[in-house]
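Only the coordinates and a few stated rules stand behind these numbers; no lab work does. Model, not experiment: these values are computed from the prediction. Cβ atoms come from the backbone with ideal geometry, glycine included; neighbour counts cover every protein chain shown.
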Amino acid sequence: MGADRKQKGHAGRGAALLIGGSVAMLILSFASVPLYRAFCSATGFGGTTQVAKLAPAKPGERSIGVRFDANVARDLPWRFEPETPRIVVRTGETATIYYKVVNLSDQETSGVAAYNVSPDQAGAYFDKLACFCFSEQKLAPHESAEWPVVFFLDPALEADETMAHVEEITLSYSFFASKKPRDAKPKEAASGVKPKT
């Protein structure tokens with residue numbers, strides 16, 4: 001009888017551990033994306049750039065080439081390209097470049113940019129002060145715009161051995177169409193005019 005109780009107790013604890021482990025895995029699966037993004041932003045892992053509020057007080061010693069790349073997903077009817085494909089910057093000095101964009105369609109469109117730098121280790125030292133990539137961008141039919149990117153390369157990269165032989169960094173943007181909100185109503189319905197049937 002005592003052995004039966006022990007076996008039931010072990011089985012109950014085992015079941016509780018399995019259920020607890022399953023719940024923990026479920027919670028971690030939902031938290032993994034934000035945690036991964038925070039990790040990448042903090043460390044520059046995977047070429048994730050940094051966000052800064054102020055540029056360094058004085059420049060560094062090295063000059064490095066920065067190349068600018070632009071891509072657009074097939075379902076977003078935009079032409080998107082850098083005005084200047086490459087510049088050379090000194091570490092610690094603020095630089096501003098512009099991307100040109102045109103909505104090629106007859107309707108308003110919106111997009112969100114994904115971005116990174118290569119080589120990956122440069123992400124920890126590529127600091128943006130201002131960028132169109134921080135929010136969703138909307139363009140009216142056939143509207144064109146120039147969007148600035150203000151950045152600097154952290155002079156701390158000069159002490160990093162993995163950056164010693166890096167002579168060029170590529171900043172790459174890829175624009176993707178924004179998803180329409182589920183509760184979006186047609187213009188006629190929103191204005192009180194019934195759509196034609």
Fill in: Added length on full extension, which subtracts the Cα-Cα distance from 0.36 nm per residue, residue 156 to residue 98
18.3 nm
Worksheet item: In what sequence, highest mean first, do 68-77, 112-121 appear when ranked by Cβ atoms within 10 angstrom?
Response: 112-121, 68-77
Worksheet item: Quick one: in segment 62-112, what % of C-alpha pairs are over 12 Å apart?
Response: 69
Discussion item. Going by average Cβ density within 10 Å per residue, which order do the peptides 126-134, 159-167 take, highest to lowest?
Written reply: 126-134, 159-167
Worksheet item: Between segment 128-163 and segment 72-88, how many Å separate their Cα centres?
Response: 13
Discussion item. Using the Karplus curve 6.51 cos²θ - 1.76 cosθ + 1.60 with θ = phi - 60°, what ³J(HN,Hα) values do you get for each residue of segment 66-77, in whole Hz, with x for Gly and Pro?
Written reply: 10, 9, 10, 10, 9, 9, 9, 5, 4, 8, 10, x
